[in-house]
Structures are given as structure tokens and as C-alpha cells.
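**Student:** Okay, handing you the structure first.
Quick note: the coordinates plus some simple rules give every number you see, no bench work behind them. Model, not experiment: these values are computed from the prediction. Cβ placement follows ideal geometry from the backbone for every residue including glycine, while neighbour counts extend to all protein chains displayed.
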Amino acid sequence: MLIKSMLLLCGLTCSVAQADLPAARKWLKQEFRQSSISPEQQLAEMQWFIDAAKPFRGMQIRVVSEQIGTHFYERDVLAKAFADITGIRVQHDTIPEGRVVETLLQQTRTGENLYDAYVNDTDSIGAHFRHNWTVSLSAFMQGEGKDVTLPTLDVHDFIGRSFGTGLDGQLYQLPDQQFANLYWFRHDWFNRPDLKQRFRQKYGYELGVPINWKAYEDIADFFSNEVKQIDGVRVYGHLDYGKMHPSLGWRFSDAWLSLAGTGDRGIPFGKPVDDWGIRAEGCVPVGASVARGGETNGPSSVYALQKYIDWLKSYAPPEAVNYTFDDIGRALQKGNIAQMVFLYTVNTAELTKPGTPLVNPDGTPKWRYAPSPHGSYWEEGMKLGYQDAGAWTLLKSTPLERRKAAWLYAQFVVSHTVSLQKTLVGLTPIRESDLNSPQMSKLAPKMGGLVEFYRSPARVAWAPTGNNVADYPAMAPLWWQNIGQAVAGRVSAQQAMDKLAEQLDQVMQQSARNPDMVRCQPRINPPVDPGRWLKPGTAPKAARATRNDKGDTVAYEALLQAWREGRLR
């Protein structure tokens with residue numbers, strides 16, 4: 001099918017306007033040699049971009065994305081390649097993720113065209129499909145944008161396409177980069193016979209990949225308070241970040257509560273209660289607080305926050321309380337951390353740099369990735385982690401011609417010609433064809449299990465924020481503002497989650513009155529005695545004793561085999 005589409009790009013004779021191709025040939029030779037398609041197919045794709053871009057030559061477009069390595073590569077390399085090949089200049093800004101959300105929200109509210117396209121996390125899908133401000137890419141590709149839609153875009157090749165699809169079945173966001181939250185640990189330390197023996201003697205079971213939070217806590221205690229030093233260096237059994245900062249909110253809203261067991265069974269997120277604790281009836285959100293049928297301030301959610309605070313203060317380096325997301329890669333590079341319960345794999349490039357204490361002389365890592373352990377309220381069939389999918393998003397406030405030019409750039413940076421090389425640079429895969437390429441197989445031994453994870457069907461248990469979150473741009477900041485108060489000791493975990501749930505309910509009530517929200521508007525339940533909702537096994541879940549939980553671990557090699565067989569573990 002792909003080869004047939006390639007032939008259609010330039011006709012059966014594949015005659016091309018040679019004068020337009022020198023720049024494309026140069027980039028194919030110098031930068032895009034690594035691809036899942038043949039050089040001839042790459043050249044055909046580039047000829048299509050040259051032809052489709054003719055009406056927009058000389059135009060300068062503005063796009064924006066968050067500050068990660070993949071987007072730096074787009075900004076510094078791919079924007080220049082696109083301009084050389086098509087004649088469309090690109091100002092690709094990279095700014096903090098919080099500002100991306102704020103800027104997008106400003107454009108939707110004012111109608112001012114601040115950017116022609118956004119790489120916006122699919123966490124916002126609940127807002128995009130409900131509001132009238134976002135372009136349905138499904139409709140655009142068949143209608144106004146048909147003449148600028150790449151025949152070989154191959155949407156079904158994107159592993160995260162479901163994340164950008166609304167409950168109406170329309171694609172609103174096209175994935176540009178994708179990464180997961182996984183457990184990270186020092187495989188070399190966990191395999192040391194002396195440490196394995198000491199752990200077994202103290203805790204009565206094997207040192208291995210923790211299945212549950214009790215095992216994670218035992219391992220954290222072991223390295224921080226029992227081992228203390230390895231090769232003369234002070235070591236710790238846990239790392240996290242606690243500064244009052246937007247990234248602290250994502251640390252929680254990015255599925256931390258699901259790991260504790262908040263929400264109901266269901267993939268990609270629980271129904272009727274999701275991993276934010278929001279209950280929905282069909283597509284209509286009806287409440288986050290327990291009194292309204294939600295679970296944001298339920299026992300499982302409070303347990304999730306309290307464990308985070310206890311571990312941060314008991315087992316992590318003292319300076320971690322002042323860390324943000326941006327500090328974690330550098331902190332791990334010091335080589336004194338045994339494990340991390342919740343690490344964004346976007347850090348992989350930093351963790352594989354030669355010459356650091358984390359990498360062997362042959363370039364293989366001393367660490368590995370594995371599924372994050374789950375808390376006491378978690379049950380089989382529930383979501384077990386988070387995937388971030390930064391995705392191209394077009395707004396109706398952008399003039400059509402600028403929107404078309406920006407769509408060309410968006411497709412260029414995710415095209416078959418470019419995507420494998422971008423994946424090898426940023427390690428944020430988006431295409432099945434790239435994951436299954438020989439190049440990724442060759443890279444796998446240096447990625448600590450990342451490739452094996454993404455090739456496994458088990459990855460479906462990791463998913464972004466879902467459709468129940470009706471207005472992500474307005475609701476997301478509430479997390480760090482409340483969680484930060486609990487970390488600082490100003491309020492209890494219960495008080496923080498009570499306030500968060502109350503504010504989420506208020507924002508949903510307010511957003512339902514927004515005239516731009518045209519479908520599935522929230523209809524918040526009246527509050528009742530929380531006891532009428534709380535029950536065991538179904539969200540919101542009644543409190544349960546966790547004091548007698550027993551630690552459970554699995555050997556990493558057995559875990560890899562499970563992934564190969566498509567099992568979670």
C-alpha cells in the first residue's frame with residue numbers, strides 16, 4: 001500500500017522537476033539516510049512537499065512546542081531542512097510546557113493568531129473535541145486541507161493515534177513525539193550477589209523489579225538506610241522532585257493516581273471514573289469529588305499523595321525537594337540513585353551519554369526500564385502508567401492559508417522520510433514502522449528496555465490523560481498549586497486533595513457555560529454524603545488497610561520475556 005502511494009506522488013513515470021530537488025537530495029544524503037522507506041520513496045515524498053508548498057513559498061509560519069530534545073532537533077535541524085526544500089520559512093519556538101498550554105488557551109479565548117500550529121499534549125483531547133476552537137484533522141484532511149495532506153502520511157502507522165482521537169471518533173491531534181513513564185533502576189546493583197543476599201536476609205524475598213509499592217518502599221529503605229554507600233559514594237534508594245512548579249502538577253496528573261489505584265478498570269482510562277478521579281456518564285463529566293461520585297479526594301488518591309511525600313522526605317537526597325522535572329536527568333547522571341518509581345523516558349538520551357557513571361565502556365547502560373509498581377488500591381485491568389504524546393494541533397482561529405502551510409511542516413517532521421532519524425535523535429518514537437526497523441533493533445541493547453517496551457502490546461496499559469478531562473488547559477494548573485501546599489507541609493494530604501477536587505468541580509461547572517463548548521458539556525452531580533458512594537473494588541473506593549501489605553518482586557529477565565509475549569509481566 002505504501003509503495004502504491006509513493007508512485008502516486010509523482011505519477012507512474014515519476015518525472016520530477018529536477019531544479020527543485022537539489023536541496024532535498026542534499027538533506028536526504030546528509031541527514032535522512034536512516035529511514036524505514038527506500039531512498040526512492042523518500043525522494044518521492046520530498047517531491048510531493050515541493051509541489052504542495054508552491055503556493056506558500058516565501059511565507060514564514062510560527063509554531064511552538066515544549067522544551068525537550070526532540071523539539072530542539074525540529075527547531076534547529078528540521079525547520080531549516082523544510083525551508084530549504086519547500087521555500088516556507090519556519091519560526092519554531094520551544095518554550096516551557098506550561099507556557100505552551102497558557103498560550104494555546106489565550107489564542108482560543110481571544111481569537112488572536114499567536115501561532116499557526118501547536119505541538120500540544122494529547123492530555124487536552126477532552127477539551128479539543130468538546131470545544132469549537134480545534135480543527136478536526138479527520139475533516140481537514142478530507143476537506144479544506146486535502147490538497148496539502150501527504151498521501152503517504154499513513155495515520156494508522158502512528159502508535160498514539162488513539163490518544164488524539166475524541167469520543168466522536170475524529171482525529172484532532174497528530175502525534176509528533178511520544179514517551180512513557182516507567183520504573184528505572186540500577187540493574188548492575190540489583191544483580192550484585194552481596195546486595196541480593198543482604199536484601200533477602202532483611203526483607204525475606206528477592207531483590208528485583210518491584211511489583212507493588214511495598215516492595216518499592218523496602219528497596220528504597222534498603223539502599224538509603226542499610227547500604228548507604230557503594231564504592232565510597234553516598235547512595236539513595238529513591239529520587240523524585242518536589243518544588244512548587246508546573247512540572248509537579250504533571251508528576252501527579254500524569255497517571256500517578258492510577259498507579260495507586262484511583263479510578264475504575266478500563267484501557268486507556270477507567271470507566272466511569274478515570275485516573276484523575278473524574279466520573280463521567282457516557283461522555284458527560286459529572287464530578288471529581290467523592291461527594292459527587294468522583295475519586296480525586298478519595299482514600300486511594302490521598303494515599304497516593306501521602307506515599308509520594310513520605311518517600312521524598314525519607315529516602316531521596318535532601319536536595320530533591322527543590323528539584324523540578326528539568327533536574328532529574330542531571331541528578332540521575334551522578335550515579336548515586338538505585339531506583340526511581342516514576343521516570344519520563346524522555347530522559348533516555350541523557351541517561352545513555354557515554355562517560356557518565358550510568359554507562360558501561362561498551363556503551364550499554366547499567367540501568368533498565370520496567371513497569372512502575374502499583375499501590376494497594378490497584379486492580380488487574382486498570383491503567384498502569386502514563387504516555388505523553390505531544391501532537392500537532394490546529395486551531396480554527398488560524399487563517400486557512402497559514403494553517404495549510406503549518407500542516408505541511410507538521411507532516412514533514414513526522415513523515416516516513418524523517419521520523420526514524422528523529423526517533424534515533426530524540427528517542428520519542430511515534431511510528432510502528434520505525435519501532436520495527438533494523439535500526440531500532442541495533443539500538444535496543446543501549447536503551448535499557450525502551451525498545452522492548454514499545455514493541456510489546458503491553459504498552460497499551462500506559463495512556464495519557466483521557467476524554468473525561470473537559471478543559472485541561474484550565475484544570476491542569478490546579479494540581480501543582482494544591483500538591484505543592486501539601487509537600488511544603490502547609491496542609492495535609494487530605495486537605496490538598498479536598499481542595500483540588502472542589503476546584504476541579506468548579507472549573508468543570510464554569511466550562512460548561514462556555515459557548516465554545518459544543519458537545520458533552522459537564523453536568524456536575526449535586527453533593528451527597530460521601531459514604532453513599534464509597535465502596536470496595538469500584539471507584540470511588542473505600543479506605544483499606546495497607547499496613548500489612550507484603551513486598552513482591554520479579555526478575556528483570558522474566559519481565560522482558562513477558563513483554564516479548566505481549567504480557568504486562
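**Student:** By count of other Cβ within 10 Å, fewest leading, how are 380, 319 ordered?
**Tutor:** Lowest count first: 380, 319.
**Student:** Another question about this same structure. Explain nothing, just the number: relative contact order of the chain, from Cα pairs under 8 Å at least 6 residues apart, as a whole percent. Walk me through the intermediate numbers first.
**Tutor:** Numbers: 1150 pairs, mean separation 138.4, N = 569.
Contact order relative to length: 24 percent.
**Student:** Next question. Where does each of 216, 556 land when they are ranked from fewest to most other beta-carbon atoms within 10 angstrom?
**Tutor:** 556, 216
**Student:** Still on this structure, please answer the following. With labels modelled as points extended 7 Å from the Cα through the Cβ direction, what inter-label distance (nm, one decimal) is found for residue 310 paired with residue 146?
**Tutor:** Each label point is offset 7 Å from its Cα along the Cβ direction, giving 6.1 nm.
**Student:** Extension gain residue 51-residue 364, at 0.36 nm per residue separation less the Cα-Cα distance, in nm?
**Tutor:** Value of the extension gain: 108.3 nm.
**Student:** Let me ask something else about it. Viscosity 1.002 mPa s, temperature 20 °C: what is the translational diffusion coefficient of segment 220-269 from Stokes-Einstein with a Kirkwood Rh over Cα pairs, rounded to a whole number of µm²/s?
**Tutor:** This corresponds to a translational diffusion coefficient of 157 µm²/s.
**Student:** Hey, another quick one. Over all directions, the average projected area of the alpha-carbon convex hull for segment 200-286 comes to how many nm²?
**Tutor:** Computing the convex hull of the Cα atoms and averaging its projections yields 8.4 nm².
**Student:** Among 163, 72, rank each residue by its count of other Cβ atoms within 10 Å, from fewest to most, as a rough exposure measure.
**Tutor:** 72, 163
**Student:** Shifting gears a bit: Normalise the Cα radius of gyration of the chain by 2.2 N^0.38 Å (N = residues in it) and let me know the number.
**Tutor:** Relative to the rule-of-thumb radius for its length, the chain sits at 0.98.
**Student:** How much of the DSSP beta bridge set in the chain is antiparallel, as a percent to the nearest 5?
**Tutor:** Of those bridges, close to 70 percent are antiparallel.
**Student:** When only C-alpha pairs under 8 Å and at least 6 residues apart count, what is the relative contact order of segment 341-468, in percent?
**Tutor:** 34
**Student:** When ranked by the protection proxy of mean other Cβ atoms within 10 Å per residue, highest first, what sequence do the peptides 128-134, 453-459, 388-394 form?
**Tutor:** 388-394, 128-134, 453-459
**Student:** Given the peptides 225-233, 521-529, 278-286, 58-66, arrange them by the average over their residues of other C-beta atoms within 10 Å, most packed first.
**Tutor:** Highest-to-lowest ranking by the protection proxy: 278-286, 58-66, 521-529, 225-233.
**Student:** Please enumerate, by chain and number, the lysines with C-alpha under 18 Å from the C-alpha of residue 146, excluding those fewer than 8 residues away in the same chain.
**Tutor:** Cα-Cα hits under 18 Å: 54, 396, 404.
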